[in-house]
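For reference, the structure is listed below as structure tokens.
The values are calculated or read from the model by the stated rules, or taken from the named source; none is laboratory data. Just so we're clear, the structure is a prediction, and the values are computed from it rather than from any experiment. Glycine gets a Cβ as well: all are built from the backbone with ideal geometry, and neighbour counts include every protein chain shown.
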Amino acid sequence: MTESLPAGLLATAVVPASSANLGPGFDSLGLALSLYDEIQAETTDSGLVIEVTGEGAGQVPLDESHLVVRAIRRGLAAGGVSASGLNIKCRNVIPHSRGLGSSAAAVVGGLAVANGLIAQSGSQPLTLDQLVQLSSEFEGHPDNASAAVLGGAVVSYTEPGPVYAAVPLALHPDIHLFPAIPQVRSSTAETRAVLPEVIAHTDATFNVSRAALLVVALTQRPDLLMAATEDVMHQPQRAAAMPASAEYLAMLRRSGVAAVLSGAGPAVIAFSTEPELPAEVLEFGAANGFVVEKMAVGQGVRWTVGAGV
Ligand code: HSE
């Protein structure tokens, strides 16, 4: 039995950007970043009004096909409620189509703001496990979505069903994060399509060893980050689609900085135990169209009843 929510309920969610894969952990490792979108939803008697400011304004659809709306509807349904009308405000900061998890943030934020509405009905809000499951179903892979739900660094995995699950990692405090964001965009669907269906056993062995090592490097041994961020499973295959990113990645690694593609790219993310990146690395980035910013690890999605989180 679905309960229809009354008009006038208000909820807000704040959701982080994320970087997936982290090199060898394809579709598995992820990390939330301290860059946050905010979504506000209010129930109304009828209709749908969406206001988008910042990233995506004037570009994303303002109807039921909007990803945030689809996620809110899914979250409400999972909570056993529905809304006749919705007034939604999206304040977007996470760049779109760069590999920083903007679509995962839209989905996780939509589900979370639905939770803020569900909490005002008699129904049970969705658990973090449910948020991981539902958001990963939207994405088709759990790495960005799990990081956006849980915050911090996360290992996620898929079981038959598919059932998606995730466990947090305690990121070593000496690791500093430097996303490098280009102007150019890239479609994850297109850069997933260039990946081969089958990889050689030797390549699988290489990536398994690096992904396992990366968990150690991220949590206990940052000195191992260079070796632990090597990958042969997706970055070389994606290089032709994003030559500037591939070149910057190679330059960073030649300079001794552990860098990887952020998710499917074209953003790059560097991990360093030094508080700043070398000047020549920053200059190369700026000269090649990258904005390099130091970011902290992000908190998991938060939601609240009312207008502020
Ligand atoms: N693991 C996904 C991929 C992340 O590399 O395609 C997409 O953001």
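Structure notes:
- Subset of segment 36-57 (residues that are under 22 Å from the mean Cα position of the chain (by Cα) and part of a loop (DSSP other than H, G, I, E, B)): E55, G56, A57
- The residue that is farthest from the chain's Cα centre (by Cα), counting only those in segment 257-280 that are away from the ligand (no atom under 16 Å from the Cβ) and surrounded by 24 or more Cβ atoms within 10 Å (Cβ to Cβ), is A258.
- Hey, V260 touching a strand residue (DSSP E or B) at 6+ places or on another chain (Cβ under 9 Å) and either part of a loop (DSSP other than H, G, I, E, B) or not assigned by the TED database to the domain that holds P142 (or both) or not: yes
- Of the residues making up segment 219-229, just one is more than 16 Å from the ligand (Cβ to nearest atom), under 22 Å from the mean Cα position of the chain (by Cα), closer than 22 Å to S245 by Cβ and not small (G, A, S), namely L225.
- Applying the set (1) away from the ligand (no atom under 16 Å from the Cβ); (2) assigned to a helix (DSSP H, G or I) to S245 leaves exactly one unmet item: (1).
- Restricting segment 175-189 to residues that are surrounded by fewer than 13 Cβ atoms within 10 Å (Cβ to Cβ) and more than 17 Å from F290 (Cβ to Cβ), the residue that is farthest from the ligand (Cβ to nearest atom) is S187.
- Hits in segment 1-43 - residues which are over 30 Å from R210 (Cβ atoms) and either crowded, with 24+ Cβ neighbours inside 10 Å or within 16 Å of the ligand (Cβ to nearest atom) (or both): A11, A13, D37, I39, A41
- Test result for A77, part of a helix (DSSP H, G or I) and surrounded by fewer than 23 Cβ atoms within 10 Å (Cβ to Cβ): yes
- Tallying residues that are away from the ligand (no atom under 13 Å from the Cβ) and either assigned to a loop (DSSP other than H, G, I, E, B) or in contact with a strand residue (DSSP E or B) (Cβ under 6 Å, 6 or more places away or on another chain) (or both) within segment 190-208 yields 5.
- P61 more than 16 Å from the chain's Cα centre (by Cα), within 27 Å of L225 (Cβ to Cβ) and either at pLDDT below 95 or not hydroxyl-bearing (S, T, Y) (or both): no
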